[in-house]
1. Could you calculate the contour length gain from Leu59 to Val22, that is, 0.36 nm times the residue separation minus the distance between their Cα atoms, to one decimal place in nm?
2. Rounded to the nearest 500, what is the chain's calculated 222 nm mean residue ellipticity when only DSSP H runs of at least 4 contribute -39500 (n - 2.57) each, over all residues?
3. Which of the peptides 6-19, 70-83 is most tightly packed, and how do the rest follow, going by the mean number of other Cβ atoms within 10 Å of each residue?
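FYI, it's all coordinate maths here, none of it is from the lab. Keep in mind it's a predicted model, so treat the numbers as computed, not measured. Glycine also receives a Cβ, built like all others from the backbone with ideal geometry; neighbour counts cover every protein chain displayed.
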Amino acid sequence: MSEADTLLALLDGFHITDRALVRTRERARSNADGQAASALRKEMRRYFGGVERESASHLSSLDAKLEELYQRQYNLQAERGVAERRLLGARKVLAALEGGVMEKAP
């Protein structure tokens with residue numbers, strides 16, 4: 001298997017709409033010389049270099065959003081715990097008032 005065939009097999013795993021890469025891919029398919037493989041390698045490096053940078057930036061952005069979400073969830077859980085304790089305390093007092101405990105005390 002030639003270098004061009006190997007590169008083409010890798011490239012065929014992706015849906016490519018980039019016109020320059022599509023043209024270079026077609027030239028490499030019809031022309032199996034070293035020059036076509038070199039041009040294909042160059043175009044693939046350009047295209048996938050951009051994909052790599054964009055994907056890394058997107059992942060970084062998503063990680064930051066997830067970190068913010070986790071922090072908000074942690075804060076809301078803590079706030080919920082406080083509200084739950086206040087509710088239980090208020091219910092205890094109301095139950096004591098309903099039971100007449102406060103009326104019997106001197």
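1. On the way: separation 37, 0.36 × 37 = 13.32 nm, distance 2.68 nm.
Stretched out fully, the Leu59 to Val22 stretch lengthens by 10.6 nm.
2. -30000 deg cm²/dmol, from helical runs alone.
3. Details: 6-19: 12.1, 70-83: 9.9.
Going from most to least packed, we get 6-19, 70-83.
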